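Before any comments, here is the structure.
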Amino acid sequence: MDEERLVRLVARGDRAAFEELYRRTSPWLAVRLRRRCADEQIVAEVMQETYLAVWRAAGAFAGASAGGSAAGWLWTIAARRLVDAFRRRAHHAEPPVAAAVPGTAPAAEDEALAATVSGDVGDALRCLAPELRQVLQALVLDGLSVREAAVLLGLPEGTVKTRARRARIAMRKALT
């Protein structure tokens with residue numbers, strides 16, 4: 001039984017299907033989350049929130065009929081929950097006295113990127129326009145397909161492809 005069928009059974013309240021979906025998807029989902037966040041507590045919270053959302057909203061899963069996959073749907077939920085967790089952490093964190101000067105705080109994705117990629121490649125990634133960096137991150141770092149990245153970012157597939165090409169060209173120039 002594939003993951004899409006499991007999600008459909010979960011939508012009907014099938015606990016065994018939910019357990020099987022969790023068993024199949026939680027290892028790779030945790031790995032993807034850890035690529036963006038080194039804090040195990042946040043990863044654990046996001047995992048819990050993600051699967052709770054899956055249990056509650058499985059009926060909203062459109063599946064292959066809408067050009068999506070169960071894995072892409074799960075990742076979309078998890079990625080949004082991770083961004084929410086970063087925002088909550090930033091909102092509740094007490095800034096050091098030196099950092100209390102007004103300014104712009106880095107986005108959650110930028111913090112995750114800094115923790116994941118460093119050196120010349122990290123510097124080149126951080127210099128990209130945010131919309132290009134998001135696409136490259138989704139396709140390369142997260143290993144999503146163009147279709148999954150489009151769903152995650154809420155963009156048409158053609159836009160994802162165009163931005164990926166522009167991002168790769170910019171990265172090539174920055175690294176030469």
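Model label sites at THR159 and LYS173, defined 7 Å from Cα along the beta-carbon direction, differ in position by 2.2 nm.
Using 1/(1 + (r/R0)^6) with R0 = 25 angstrom and r between the beta carbons of TRP28 and ALA60, what's the FRET efficiency to the nearest 0.05? Please report the intermediate quantities before stating the final value.
Numbers: r = 22 Å, r/R0 = 0.88.
Taking R0 as 25 Å, the efficiency between TRP28 and ALA60 is 0.70.
The numbers here are math on the coordinates, done by the rules we state, and not lab data. This one's a predicted model, so the numbers in the text were calculated from it and none came from an experiment. Methodologically, a virtual Cβ is constructed for each residue, glycine included, from the backbone with ideal geometry; neighbour enumeration extends over all protein chains shown.
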